[in-house]
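Accompanying notes for the structure given below.
Bear in mind that the values in this text are calculations on the coordinates, not laboratory data. It should be emphasised that the depicted structure is a prediction, and the values quoted were computed from it without experimental measurement. Here Cβ is always computed from backbone atoms with ideal geometry, including for glycine, and neighbour counts include all displayed protein chains.
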Amino acid sequence: MKTGIVILNYNDLENTKNMLNQIKDYECLNKIVVVDNASKDDSYNELKKYESKKIIILEAKKNKGYAAGNNIGLKYLQKNTNCELAIISNPDVKVLESVIKILIDDMKKNPDIAFLGPKVLESGKIIKGMKIPSFTNELLSNIPLLHRLATNQLRYKNEYYQSPLTEVEVVHGCFFIGRLSCFKKIKYFDENTFLYYEENILSKKAQEKNLKIYIDTTVAINHELSKSVDKSLNKVKKYIRLKESQRYFEQQYQSLNPIKMFMLKLTYYIGLIYNYLTFWI
C-alpha cells in the first residue's frame with residue numbers, strides 16, 4: 001500500500017533535518033511531506049533544500065496550531081498523490097524502516113483498522129494505547145499532585161494486551177498511521193484546538209463513524225518528548241494551552257453540562273495558580 005508521511009515543523013529545524021536524513025531513503029515511504037508551520041527561524045528556506053520528487057516542503061503562512069498544520073499535509077497527500085495510508089509524525093521521533101513496514105503490513109492485512117499506533121518509548125516509559133478521559137479523570141488532571149494519578153488511569157493494564165494487535169480508544173499522537181479515506185471521513189483533525197487533545201478528539205470522531213483504532217505491541221518508536229513545544233512555550237503557557245483544549249474537548253465532544261464545566265474551570269484555576277507559583281519560585 002502506498003504510504004506518505006506528514007511531519008509538522010515549528011522552529012525545530014535540527015530535529016526535522018535529522019528525521020529527514022533518517023527516513024528519506026526508506027523504500028516503504030512513497031511521499032514525505034514536511035509542513036513548516038510559519039516558523040520564525042528560517043526553517044522553510046532551509047528545508048526547501050531537501051525538496052525532491054519524493055520530499056515535498058509546504059509552508060503554512062500562519063501558525064494555526066498542530067491540527068491545522070497536519071491537515072495541510074494530509075490534504076496534500078489526499079489530493080496530489082495516490083497514497084492510501086498516511087503517517088502522522090513529530091520531528092523528534094526515531095523510527096526504523098522495519099517498524100513502518102510492519103505497520104503498513106498490519107493495515108494491508110486488516111482492512112477494519114482505521115488508525116494504528118506502535119508502542120512509544122518516552123522518558124524511560126513504554127506507552128501503548130490510552131483511554132478517552134472521563135470527567136473525574138479530567139478533574140484530577142487539573143489538581144496539583146494528582147495529575148499523575150489521572151495519567152495512570154488513562155493507561156490500560158498490561159494484561160489488557162492479549163494479542164499483538166489490540167483495539168484501544170486512543171493512540172499516541174506523536175506517531176501513528178491511518179487510512180487517508182478515514183482521515184477524510186472524520187474531516188481530518190479538528191482545527192479548533194491549537195495544541196493538545198488532538199488524539200482524544202480524533203478518537204471521538206472515529207467512534208462516531210465506527211472506525212477502529214489499534215496498537216501493534218510488537219513494534220516501538222522512540223519519542224524525545226516535546227522538544228519543539230518546550231522551545232516555544234514555558235511551563236505556564238503549556239498548561240494554559242492544554243486546558244484550553246481540554247475545555248473545548250469536554251464541551252464539544254463530551255457534552256458536559258454547565259455545572260461540570262464550572263467544576264472543570266474551577267480546578268483549572270487551582271492548577272494555574274500552582275503552575276505560576278512553581279514556575280517563579
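General observations
- Only Cα pairs under 8 Å and 6+ residues apart enter the sum, and on that basis the relative contact order of region 124-277 stands at 30 percent.
- Model label points for residue 208 and residue 259, set 7 angstrom from Cα along the Cα-to-Cβ axis, are 2.6 nm apart.
- Over the chain - Rg/Rh using Cα atoms and the Kirkwood inverse-distance radius: 0.95
- FRET efficiency, residue 276 to residue 184 (Cβ-Cβ, R0 30 Å, nearest 0.05): 0.10
- Bins of 10 Å from zero: percent of alpha-carbon pairs in region 232-281: 25, 47, 23, 5
- Segment residue 146-residue 1, length gained on full extension (0.36 nm per residue, minus Cα span): 47.8 nm
- Projecting label points 7 angstrom from Cα along Cα→Cβ for residue 101 and residue 194 puts them 4.3 nm apart.
- Span per principal axis, largest first, for the Cα atoms of region 29-133 (Å): 37, 34, 26
- At R0 = 22 Å, FRET efficiency that the Cβ-Cβ distance of residue 155 and residue 225 yields, to 0.05: 0.85
- Principal-axis analysis of the Cα atoms of the chain puts helix 97-109 at an angle of about 90° to the longest axis.
- Considering only beta bridges that DSSP places wholly inside the chain, some 40 percent are antiparallel.
- Pairwise label distance in nanometres, residue 52 with residue 236, each label 7 Å out on the Cα-Cβ vector: 4.6
- The calculated FRET efficiency for residue 110 paired with residue 79, based on their beta-carbon distance and R0 = 25 Å, is about 0.45.
- Region 85-168 - percent relative contact order, Cα under 8 Å, separation 6 or more: 19
- In degrees, nearest ten, helix 13-23 long axis to first principal axis of the chain (Cα): 50
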